[in-house]
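Worksheet: the structure to be examined is printed underneath.
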Amino acid sequence: MSADSGAFDALGRLLQELVDIPSVSLNEEAILARLTAEMPKRFELVDGADGVRCFLPRERRPEAPLVVLAGHADTVPVAGAASPSRRDEGAIVGRGAADMKAGLAVMLALAQGTDPHASDLDVGYLFFGREELPITQSALLPLLERCPRLLEASLAILLEPTANAMEVGCLGNLNVTVTVRGKAAHSARPWLGSNAVHTALGVLARVSNLPVHDVEIEGLTFRETVNMTTIEAGEAANVIPDRVRATVNVRYAPGRTPASAEAWLRGILAHPDVEMQVQGNAPPGPVVLTNPLVRRLRGAGELSVGPKQAWTPVAEFATVGIDAINLGPGDPLYAHADDERVEISALVECYDIIRAFLEHPVEG
């Protein structure tokens, strides 16, 4: 495919059509139906339940490694009234354009435009919803548990927004509610109570004073961060507050387990008047640079390689032993933005990289 072949406009039109199908998390059925209708008949729908559409080749070649191209069909909500997509010179603008309907468009184009006989790899396609929600509502984890045919995959490529760089691994994502208890009293007689805000200032300062912590894994630097993201307290100007409630978000590097991340944060917040309740804890994804198919993909596009400074479903694939990496046309700087956009040329570039990976094995 090349930008002057007519496919440039076709990919732009396809992306615009996908962007115009509303698919906020928990409302993905319309776009999943469209994606299903577009898949060629040489693929078998092996699982279409509970917010997923999983397609594998009808004829699996025993000697061919299975590569799964995967992407989520849901988006974050739109601020205010939804607007139709639009073209802005060489870009498509609209909710989900970068994260990650651009990746979905590339997946469909590859399914329709590649010759399975031109590759030594078998390719499956996986579309799923609820990725923008906490991992406790995941549509992908239950699929991986109930679909043993997917466990044959030698590599999963998540077409998450990476601006066509390869991003490996991902950060764990821990969210907790911190409650600081006190005792209400009249503000003129504060000694009769216990000011929860005053206690919280001391305890939560331990979080705000933590520096960013760099962790190097296989030459890549992941940045661990701890942030207070919400806080609420107080009933009235003349009442000593008896409770503070805050949300703390921790992004932690591959190498930490979810349990160790929780224990580490509990140690920081330890205080007799503080309670910590875990709302969600998505594990990190491992770095998989030694996988031969990862090396092949990297060479096919002469790709730069960096760490994924976010959480993605590569971590969910890792829970069942499937190596996974991130590579997609969207730019993460535009993900979830009001002016979310992607250059059509980036779609073409991503298509060309993955097609070269599929059709041109590395010699030796």
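Since every read-out is calculated from the coordinates, none of them should be taken as a lab result. Here the structure is a predicted model, which means the values were calculated and not measured. Here Cβ is always computed from backbone atoms with ideal geometry, including for glycine, and neighbour counts include all displayed protein chains.
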Would you mind classifying the chain by shape? Square roots of the alpha carbon gyration tensor eigenvalues, ordered a ≥ b ≥ c; an a/c under 1.5 is rounded, otherwise it is prolate if a/b is larger than b/c and oblate if not. prolate
If one computes P(r) from the Cα atoms of segment 172-282, what percent of pairs lie at distances over 21 Å? 42
With a 10 Å Cβ neighbour count serving as the proxy for reagent exposure, in which order, fewest first, do C147, C350 appear? C147, C350
Asserting the computed 222 nm helical MRE of the chain (DSSP H runs at least 4 long, -39500 (n - 2.57) per run, divided by residue count, to nearest 500) equals -8000 deg cm²/dmol
With a cut-off of 8 Å between alpha carbons and a minimum separation of six or more residues, what is the relative contact order of the chain in percent? 25
Relative contact order for segment 172-282: what percent, with Cα pairs under 8 Å and sequence separation of 6 or more? 43
Which order do peptides 42-51, 300-309 fall in by mean Cβ count within 10 Å, highest first? 300-309, 42-51
Whole angstrom only: what separates the Cα centroid of segment 308-337 from the Cα centroid of segment 263-281? 28
Using the Karplus equation 6.51 cos²θ - 1.76 cosθ + 1.60 (θ = phi - 60°), what ³J(HN,Hα) coupling, rounded to whole Hz, does each residue of segment 172-182 give in order, writing x for Gly and Pro? x, 9, 10, 10, 10, 9, 9, 10, 10, 9, x
With just the Cα atoms defining each centre, how far is segment 38-87 from segment 180-207? Give it in Å. 51
Could you put T230, T75 in order, starting from the residue whose Cβ has the fewest other Cβ atoms within 10 Å? T230, T75
Among E63, E224, E216, which comes first, then next, by fewest other beta-carbon atoms within 10 Å? E63, E216, E224
For segment 172-282, what proportion of DSSP beta bridges, expressed in % and rounded to the nearest 5, is antiparallel? 95
Candidate lysines for bridging to K101, where Cα separation is under 21 Å - those fewer than 8 sequence places away on the same chain excluded: K308
Near the amide H of G328, under 5 Å away, which other amide H atoms are found, from residues 5 or more places off or on another chain, if H is placed in the peptide plane? T162, A163, N164, A165
A correct Karplus calculation of ³J(HN,Hα) over segment 54-60, with 6.51 cos²θ - 1.76 cosθ + 1.60, θ = phi - 60°, whole Hz and x for Gly and Pro, returns 10, 10, 10, x, 5, 10, 8
Could you tell me how many degrees, from 0 to 90 and to the nearest 10, lie between the Cα long axis of helix 344-359 and the main elongation axis, the longest principal axis, of the Cα atoms of the chain? 60
Picking from P272, T136, V76, whose Cα lies most toward the positive end of the charge dipole for the chain (charges on Cβ: Lys, Arg +1; Asp, Glu -1)? P272
Highest mean packing first, using Cβ neighbours within 10 angstrom, the peptides 189-200, 14-25 sort as 14-25, 189-200
Nearest 10 degrees, 0 to 90: helix 7-19 Cα axis against the chain principal axis: 40
